[in-house]
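The structure under discussion appears below in the form of structure tokens.
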Amino acid sequence: MTPAPLISIIIATRNAARDLPRCLDSIRAQTFRDFEVLVGDGASTDETLDIVKAAGDIVTYWESGADSGPYEARNKALGHARGEWICFLGADDWFLDAQALASLAPHLRTAAPRFRVVYSKLRQIDPEGRVIAEAGRPWEQSRESFRSHVCLPHPGLMHHRTLFDLHGRFDESFKMAGDYELLLRELKARDALFVSALTVGMGFRGQTTSPEYFYRLLAEIKVALTRHGLQPPPLRWAYWRFTAWIYVKLHALLGDRRARWLADAYRVATLRKPRYSDPK
């Protein structure tokens, strides 16, 4: 058996033929090569599996079968991961340049046992290539907000394999905030290591652009926080829930396109970039 790699990259897919090639190509382009790629597929009915099979030069393990969502797919693949560090990508996530893993590797070799989580910076990018937002700040600036309401940028975030030995795997009862709940187990009382490198792009389209999705995500975040004895900031939480509720009502009254236009008009009026209109 070949030696265990430094990094395991796990990709959860379901009917991801549109986006998966970009993700795999970005991995294939990495100058740092001490990694393995595992794919957990949720019984795709499009060409996803053909794409996975054609990527045998980098994909070392894959399986496909009905599952309850991406957290079950990740958990299944975790059982086959051999890397010292494990990261997760969605099919619509990708490494932004060929040096992404190389920029992280020196930090990964020295981080444990002090740190079991290493993260960097991420960009949310819409289908036209516009940067919607950038996430990822030093831990000293993120600690308080993480422990009250905001997850670290999870695509590409590195988990030391001992984190799963100590805390278990993803809770599959979550549909959107399972990554946040897992990280809370580790980081509610420990620190993470921030690497100031822009490494991952995250596709911004579909349900993740929907305030209805945001409304459901807030509910799961609150469940995760309560489970760990933490509380979100009351005023900010009330504001988020109210604005999401308003959008849901506007959607029912005006329809999808007009409600999205109004949501973006409000963002522009408050000096923020539009993010909900014309989803692809």
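The values are calculated or read from the model by the stated rules, or taken from the named source; none is laboratory data. As the structure is a prediction and not an experimental result, all values here were calculated from the model. Ideal geometry is used to build each Cβ from the backbone, glycine not excepted, and the neighbour counts take in all protein chains shown.
Would you check if residue 223 is surrounded by fewer than 20 Cβ atoms within 10 Å (Cβ to Cβ) and within 24 Å of residue 67 (Cβ to Cβ)?
In short, yes.
Based on what the data block shows, is residue 140 within 22 Å of residue 17 (Cβ to Cβ) and surrounded by fewer than 17 Cβ atoms within 10 Å (Cβ to Cβ)? Show your work before the answer.
Working: within 22 Å of residue 17 (Cβ to Cβ): no; surrounded by fewer than 17 Cβ atoms within 10 Å (Cβ to Cβ): yes.
Answer is no for this residue.
Can you pull out the residues in region 112-155 that are among the charged types (D, E, K, R), at pLDDT below 95 and touching a Gly at 6+ places or on another chain (Cβ under 9 Å)?
If the condition is that a residue be among the charged types (D, E, K, R), at pLDDT below 95 and touching a Gly at 6+ places or on another chain (Cβ under 9 Å), then 126 is the only one that fits.
Condition first: over 9 Å from residue 12 (Cα atoms) and touching a Gly at 6+ places or on another chain (Cβ under 6 Å). Now tell me which residues in region 63-84 satisfy that.
Answer for region 63-84, where residues must be over 9 Å from residue 12 (Cα atoms) and touching a Gly at 6+ places or on another chain (Cβ under 6 Å): 67, 76.
If you go through region 144-174 one residue at a time, how many are in a helix (DSSP H, G or I) and surrounded by 14 or more Cβ atoms within 10 Å (Cβ to Cβ)? Before the answer, list the steps.
In the first step, residues of region 144-174 are kept if they are in a helix (DSSP H, G or I); the result is 144-146, 161-167.
Imposing the further condition that a residue be surrounded by 14 or more Cβ atoms within 10 Å (Cβ to Cβ) reduces the set to 145-146, 161, 163-164, 167.
Of the residues in region 144-174, 6 are in a helix (DSSP H, G or I) and surrounded by 14 or more Cβ atoms within 10 Å (Cβ to Cβ).
Which one of these is crowded, with 20+ Cβ neighbours inside 10 Å, within 24 Å of residue 19 (Cβ to Cβ), in the same structural domain as residue 22 (by TED's automatic domain parsing) and not β-branched (Val, Ile, Thr): 91, 54?
Of 91, 54, the one residue that is crowded, with 20+ Cβ neighbours inside 10 Å, within 24 Å of residue 19 (Cβ to Cβ), in the same structural domain as residue 22 (by TED's automatic domain parsing) and not β-branched (Val, Ile, Thr) is 91.
Among the listed residues 26, 68, which satisfies the condition of being assigned by TED's automatic domain parsing to the domain that holds residue 179, among the polar types (S, T, N, Q) and buried (at least 19 other Cβ atoms within 10 Å of the Cβ)?
Details: 68 fails: buried (at least 19 other Cβ atoms within 10 Å of the Cβ).
None of the others qualify; the one that does is 26.
Confirm whether residue 28 is within 14 Å of residue 93 (Cβ to Cβ) and modelled with pLDDT of 95 or more.
No: the conditions fail for residue 28.
Checking the condition under 29 Å from residue 159 (Cα atoms) and either in a helix (DSSP H, G or I) or among the acidic types (Asp, Glu) (or both), which residue from 230, 218 passes?
218
List every residue pair whose Cβ atoms lie under 8 Å apart, where the two residues are 6 or more positions apart in sequence or sit on different chains, the first residue falls within region 122-145 and is within 21 Å of residue 185 (Cβ to Cβ) and touching a residue at least 24 places away in the same chain (Cβ under 8 Å), and the second residue, located anywhere, is small (Gly, Ala, Ser) and assigned to a strand (DSSP E or B).
Listed pairs, sorted by first residue: 136/120.
For a quick check of your reading: which helices (runs of 4 or more DSSP H) sit entirely within region 1-82 and have at least 3 residues that are more than 28 Å from residue 111 (Cα to Cα) and free of Cβ contacts under 8 Å to residues at least 60 places away in the same chain?
Filter on region 1-82 gives 48-54.
What pairs come up if the first residue lies in region 221-237 and is among the polar types (S, T, N, Q), the second is part of a helix (DSSP H, G or I), and their beta carbons are under 7 Å apart, counting only those six or more places apart or on different chains?
Once the first residue is among the polar types (S, T, N, Q) and sits in region 221-237, its partners that are part of a helix (DSSP H, G or I) give 231/225.
Return a yes/no flag: does region 108-118 have any residue that is part of a loop (DSSP other than H, G, I, E, B), among the aliphatic types (A, V, I, L, M) and surrounded by 13 or more Cβ atoms within 10 Å (Cβ to Cβ).
Yes, there is a match, as at least one residue in region 108-118 is part of a loop (DSSP other than H, G, I, E, B), among the aliphatic types (A, V, I, L, M) and surrounded by 13 or more Cβ atoms within 10 Å (Cβ to Cβ).
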